[in-house]
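Heads up, the thing below is written out as structure tokens.
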Amino acid sequence: MEVEKIKVAVIGCGVISDIYIQSLQDKFTITDVVACYDLNTDKMNEKAKKYHLKAMSIDDILSDSTIKMIVNLTNPAAHYDVIKSALEHGKNVFSEKMIAVNLDDGKKLCQLAKDKGLRLGVAPDTFLGGGIQTAKYIVDKGLIGTPLSTVVSLNRNFDVYADIFPHMNKKGGTLPFDTGCYYLTALASILGPTKRVSSFGRCYKPDRIGKRVDKPWFGEKSVVADKNILTATLEYQNGVLGTVHFNSESIQNEQICLDIYGTEGILKLGDPNNFNSPNLLLKQQNEPVEFPFTHGYLTNSRGLGAAEMAWSIQNNRPHRASMEMAYHVFELIHGMYISATTDSVYGMKSTFDKPTSLPTGYLDNGFWGPTEESALAF
Ligand SMILES: NC(=O)c1ccc[n+]([C@@H]2O[C@H](COP(=O)([O-])OP(=O)(O)OC[C@H]3O[C@@H](n4cnc5c(N)ncnc54)[C@H](O)[C@@H]3O)[C@@H](O)[C@H]2O)c1
């Protein structure tokens with residue numbers, strides 16, 4: 001079946017743009033990256049040269065009717081304006097996380113996409129990788145029985161991370177937003193929407209001094225603008241209860257836990273920031289078993305969500321990294337902060353339809369196996 005490729009322009013030519021452009025050019029056949037833009041012309045020209053793209057102004061990209069999709073890889077603070085103007089110019093948008101910084105802005109973007117009849121897809125797309133798709137398979141097939149509860153614990157050394165990524169010092173950029181979203185999106189894709197959340201939080205050591213000699217902010221003072229230790233209790237719509245622990249003041253670079261407890265088994269997921277996170281299945285009176293992957297995309301496939309959205313546009317079906325799920329996770333994290341500051345339980349206002357699993361059995365580059373088309377086209 002000959003399906004027309006979707007022409008894509010990438011906005012934001014920073015660190016993450018390489019893997020996106022490589023995936024959308026080489027790994028996936030449905031997308032054709034033709035142009036790029038960055039406020040920083042050196043970065044824009046470098047990527048344009050490296051990947052044989054046209055360096056174009058934002059106005060030229062937005063007025064080019066052959067470009068159907070924008071992949072937004074700017075910093076979170078720019079997401080709202082970039083997504084808004086792309087939608088206003090009739091472009092479908094796939095954006096890196098999070099959808100915006102402020103809750104209201106995220107809501108406005110979803111409404112705008114709906115009003116315009118355009119697609120808005122938002123990362124993380126790692127939940128489409130083999131690791132989390134296998135976890136979803138294990139739960140959907142009843143291998144842990146009925147899920148009852150879940151535990152998330154994400155610990156990072158803020159002195160390392162925030163000194164490299166200073167947006168983690170700012171409101172809307174802290175650990176729960178920047179990295180916690182991978183955990184909560186993985187759970188959302190498996191367990192569905194949350195009903196309510198209750199939290200406590202604290203800001204430990206708000207005054208910081210840049211410690212990395214290789215960064216322009218070395219020696220500069222900064223203030224951590226939000227709570228950097230946060231605990232939460234969640235109730236999912238399906239009755240599952242969750243305990244969440246985000247600590248960016250840990251002594252280790254990264255230490256994680258993502259477990260789902262069921263009536264007939266316990267599932268220990270790997271790092272949801274990766275595509276190939278392994279799944280450990282514990283059954284009563286059995287040794288833990290590392291469950292074989294049921295799905296493909298086990299290498300770094302950032303851009304998978306955008307490619308899947310492109311296939312879904314051409315096939316006129318909903319895409320899986322939906323704005324509704326992304327906004328719900330965004331609201332959930334805001335809900336934690338709201339609960340922690342107002343001493344109240346936050347009732348979730350948004351909901352979403354759980355994305356269907358990708359078809360099983362797809363192996364990247366398996367010469368006998370189904371193709372990208374059969375894995376992503378439905
Ligand atoms: N770096 C990572 O490991 C990583 C991993 C996953 C997701 N992300 C997400 O990807 C996005 C980009 O991250 P990054 O690490 O590549 O950041 P980066 O700072 O390296 O790159 C962002 C680029 O966007 C450009 N930019 C900012 N505002 C713009 C605007 N209005 N118009 C055009 N260009 C603009 C900047 O000049 C910069 O080159 C973020 O949302 C981040 O959360 C990053």
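The values are calculated or read from the model by the stated rules, or taken from the named source; none is laboratory data. Bear in mind that the values here come from a model prediction, so they are computed numbers and not experimental data. FYI the Cβ positions are ideal-geometry reconstructions off the backbone, even for glycines, and counts take in every protein chain you see.
For the range 259-276, how many residues are assigned to a loop (DSSP other than H, G, I, E, B) and of a type in the set (Phe, Trp, Tyr)? Please lay out each step first, then the result.
Initial filter on the range 259-276 (assigned to a loop (DSSP other than H, G, I, E, B)): 263-265, 269-276.
Within this subset, residues satisfying the condition of being of a type in the set (Phe, Trp, Tyr) are 275.
Qualifying residue count for the region: 1.
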Contacts under 6 angstrom Cβ, first residue in the range 274-286 being of a type in the set (D, E, K, R), partner at pLDDT 95 or above and surrounded by 18 or more Cβ atoms within 10 Å (Cβ to Cβ), 6 or more apart: 283/265
Pick from the range 61-87, criterion in contact with a strand residue (DSSP E or B) (Cβ under 8 Å, 6 or more places away or on another chain) and of a type in the set (D, E, K, R), ranking: farthest from residue 327 (Cα to Cα): 64
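Hey, can you tell me all the residues within the range 1-21 that are buried (at least 19 other Cβ atoms within 10 Å of the Cβ), part of a helix (DSSP H, G or I) and either more than 9 Å from the ligand (Cβ to nearest atom) or of a type in the set (A, V, I, L, M) (or both)? I'd like the intermediate steps shown before the answer.
At the first step, the residues of the range 1-21 found to be buried (at least 19 other Cβ atoms within 10 Å of the Cβ) are 6, 8-13, 17, 20-21.
Still in the running and part of a helix (DSSP H, G or I): 17, 20-21.
Hit for the range 1-21 is 21, nothing else.
Can we say residue 117 is on the phi > 0 side of the Ramachandran plot and without any contact (Cβ under 8 Å) to a residue 24 or more places away in the chain?
On the way: on the phi > 0 side of the Ramachandran plot: yes; without any contact (Cβ under 8 Å) to a residue 24 or more places away in the chain: yes.
Yes; evaluated as a whole, the condition is true for this residue.
Given the condition at positive phi and either touching a Ser or Thr at 6+ places or on another chain (Cβ under 7 Å) or in contact (Cβ under 8 Å) with a residue 60 or more places away in the chain (or both), answer yes or no: does some residue in the range 4-24 qualify? Walk me through it before giving the result.
Within the range 4-24, the first condition is being at positive phi, and the residues that meet it are 12.
Remaining after also requiring either touching a Ser or Thr at 6+ places or on another chain (Cβ under 7 Å) or in contact (Cβ under 8 Å) with a residue 60 or more places away in the chain (or both): 12.
Yes, the range 4-24 has at least one match.
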Subset of the range 81-95 (residues that are crowded, with 20+ Cβ neighbours inside 10 Å and more than 12 Å from the chain's Cα centre (by Cα)): 82, 83, 86, 87, 91, 92, 93
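Quick check on the range 197-252: of everything there that is among the aromatic types (Phe, Trp, Tyr) and part of a loop (DSSP other than H, G, I, E, B), which residue is nearest to residue 181 (Cα to Cα)?
Taking the range 197-252 and keeping what is among the aromatic types (Phe, Trp, Tyr), we get 200, 204, 217-218, 236, 246.
Restricting the remaining residues to those that are part of a loop (DSSP other than H, G, I, E, B) gives 204, 217-218.
On the way: 204: 21, 217: 27, 218: 28 Å.
Taking the candidates together, the pick is 204.
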Residues being under 19 Å from residue 31 (Cα atoms) and modelled with pLDDT of 65 or more - total across the range 342-370: 1
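Right, residue 98: buried (at least 17 other Cβ atoms within 10 Å of the Cβ) and near the ligand (Cβ under 10 Å from one of its atoms) or not?
Values: buried (at least 17 other Cβ atoms within 10 Å of the Cβ): yes; near the ligand (Cβ under 10 Å from one of its atoms): yes.
Criteria met by residue 98.
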Test: residue 324 is acidic (Asp, Glu) and either assigned by TED's automatic domain parsing to the domain that holds residue 71 or farther than 30 Å from residue 6 by Cβ (or both): no
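If a residue has to be among the aliphatic types (A, V, I, L, M) and within 12 Å of the ligand (Cβ to nearest atom) to count, how many in the range 150-174 make the cut? First the steps, then the outcome.
From the range 150-174, those among the aliphatic types (A, V, I, L, M) are 151-152, 154, 160, 162, 164, 168; that's our starting set.
Adding the requirement that they be within 12 Å of the ligand (Cβ to nearest atom) leaves 164, 168.
Looking only at that region, the number is 2.
So in the range 137-161, with the set limited to residues that are among the aliphatic types (A, V, I, L, M) and at pLDDT 95 or above, which one is farthest from residue 175 (Cα to Cα)? Lay out the reasoning, then the answer.
Within the range 137-161, the subset among the aliphatic types (A, V, I, L, M) is 138-139, 143-144, 148, 151-152, 154, 160.
Next, only the ones that are at pLDDT 95 or above stay: 138-139, 143-144, 148, 151-152, 154.
Details: 138: 28, 139: 27, 143: 32, 144: 30, 148: 26, 151: 17, 152: 13, 154: 9 Å.
Among residues in the range 137-161 that are among the aliphatic types (A, V, I, L, M) and at pLDDT 95 or above, the one farthest from residue 175 (Cα to Cα) is 143.
State which residue is nearest to the ligand (Cβ to nearest atom) when the search covers only the range 22-39 and only residues that are surrounded by 15 or more Cβ atoms within 10 Å (Cβ to Cβ) and over 22 Å from residue 65 (Cβ atoms).
Among those that are surrounded by 15 or more Cβ atoms within 10 Å (Cβ to Cβ) and over 22 Å from residue 65 (Cβ atoms), it is 38.
Out of the range 282-295, which residues are in contact with a Lys or Arg (Cβ under 8 Å, 6 or more places away or on another chain) and either part of a strand (DSSP E or B) or under 21 Å from residue 156 (Cβ atoms) (or both)? Talk me through it step by step, then tell me what you get.
Applying the first criterion (in contact with a Lys or Arg (Cβ under 8 Å, 6 or more places away or on another chain)) to the range 282-295 yields 282, 288-289.
282, 289, listed by residue number.
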Odd one out for residue 52, checked against (1) without any contact (Cβ under 8 Å) to a residue 12 or more places away in the chain; (2) within 15 Å of the ligand (Cβ to nearest atom): (2)
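Condition test on residue 60, is it more than 12 Å from the ligand (Cβ to nearest atom) and buried (at least 18 other Cβ atoms within 10 Å of the Cβ)?
On the way: more than 12 Å from the ligand (Cβ to nearest atom): yes; buried (at least 18 other Cβ atoms within 10 Å of the Cβ): no.
Spelling it out, it is not the case that residue 60 is more than 12 Å from the ligand (Cβ to nearest atom) and buried (at least 18 other Cβ atoms within 10 Å of the Cβ).
In the range 281-302, is there at least one residue being small (Gly, Ala, Ser) and either modelled with pLDDT of 95 or more or within 16 Å of the ligand (Cβ to nearest atom) (or both)?
Here is the first cut: in the range 281-302, the residues small (Gly, Ala, Ser) are 296, 301.
Then drop every residue that is not either modelled with pLDDT of 95 or more or within 16 Å of the ligand (Cβ to nearest atom) (or both), which leaves 301.
Checked against the condition, which is being small (Gly, Ala, Ser) and either modelled with pLDDT of 95 or more or within 16 Å of the ligand (Cβ to nearest atom) (or both), the range 281-302 yields at least one hit.
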